[in-house]
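One structure below.
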Amino acid sequence: MHTLVINLTRFGDLLQTQPVFSGLRRRGGSAGLVCLDSFRGAAGLLRDVDQVRVLPGARLLAQLDRGWPLAVEELTSWLDQGGQTPFDRIVNLTPTLSARLLS
C-alpha cells in the first residue's frame, strides 16, 4: 500500500514521525511525505520515505495576503507538479484546519 503522509508541523514534530514511516515499511508499504519547504533538510533525515514533496508554505501565505484566488492558483500549480503517483491512502498528521482541507 502506498501512503501519503502530510506533516506540516515544526522541525521536531517532523522528526518524531520516523516510527510512522518505519512501521509502514515493515508492513510492506511505501510512503511519501508532504512537508513545509523550510523543513526540506529535516525530511532528508527520515528513513523509509520514498518521496518528499515540499509545500511552499511562506509563498502560499504571501499569496493569501494578496487575495485568496492567488493562493488557490499557487496551490493548484503545486498540485499539478506532483506527478501521477497514486496513493492508496492519505494520513494527515497536522492538527490544523488548513492542513485538513489539504488532505
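The values are calculated or read from the model by the stated rules, or taken from the named source; none is laboratory data. Computed from a predicted model, the values in this text were never measured in an experiment. Note that we place each Cβ from the backbone using ideal geometry, even for glycine, and neighbour counts take in every protein chain shown.
What are the residues in segment 65-96 that are outside any loop (DSSP other than H, G, I, E, B) and of a type in the set (A, V, I, L, M, F, W, C), if any?
Answer for segment 65-96, where residues must be outside any loop (DSSP other than H, G, I, E, B) and of a type in the set (A, V, I, L, M, F, W, C): Trp68, Leu70, Ala71, Val72, Leu75, Trp78, Leu79, Ile90, Val91.
Pairs under 9 Å by beta carbon, first residue at positive phi and touching a residue at least 12 places away in the same chain (Cβ under 8 Å) in segment 41-52, partner of a type in the set (Ser, Thr, Tyr) and in a helix (DSSP H, G or I), six or more apart or different chains?
Short answer, once both residue conditions are applied: Asp48/Ser22.
Given the residues Leu70, Leu24, which is the only one that is surrounded by 12 or more Cβ atoms within 10 Å (Cβ to Cβ) and at pLDDT 90 or above?
Step by step, each of Leu70, Leu24 is checked, and only Leu24 is surrounded by 12 or more Cβ atoms within 10 Å (Cβ to Cβ) and at pLDDT 90 or above.
Cβ-Cβ distance below 6 Å, separation of 6 or more or different chains: which pairs start in segment 54-65 with a residue that is surrounded by 16 or more Cβ atoms within 10 Å (Cβ to Cβ) and end on one that is outside any helix (DSSP H, G or I) and at pLDDT 80 or above?
Once the first residue is surrounded by 16 or more Cβ atoms within 10 Å (Cβ to Cβ) and sits in segment 54-65, its partners that are outside any helix (DSSP H, G or I) and at pLDDT 80 or above give Leu55/Val34; Leu55/Leu36.
Which one of Ala31, Ala58, Ala62 is farther than 17 Å from Gly12 by Cα and assigned to a strand (DSSP E or B)?
Ala31 is the lone residue from the list that is farther than 17 Å from Gly12 by Cα and assigned to a strand (DSSP E or B).
Just to be sure I understand, how many residues within segment 27-42 are more than 14 Å from the chain's Cα centre (by Cα) and surrounded by 20 or more Cβ atoms within 10 Å (Cβ to Cβ)?
0
When you scan segment 49-86, how many residues do you find that are over 15 Å from the mean Cα position of the chain (by Cα) and closer than 24 Å to Arg27 by Cα?
So the answer is 1.
Output yes when any residue across segment 16-25 is of a type in the set (A, V, I, L, M, F, W, C), outside any loop (DSSP other than H, G, I, E, B) and under 20 Å from Thr96 (Cβ atoms), and no when none is.
Yes, there is a match, as at least one residue in segment 16-25 is of a type in the set (A, V, I, L, M, F, W, C), outside any loop (DSSP other than H, G, I, E, B) and under 20 Å from Thr96 (Cβ atoms).
Report, ordered by the first and then the second residue, all pairs with beta carbons closer than 7 Å, sequence separation of six or more or different chains, a first member in segment 79-103 that is closer than 10 Å to Val5 by Cβ, and a second member that is of a type in the set (S, T, N, Q) and at pLDDT below 80.
Sorted first by the residue in segment 79-103, then by its partner, the pairs are Ile90/Ser103; Asn92/Ser103.
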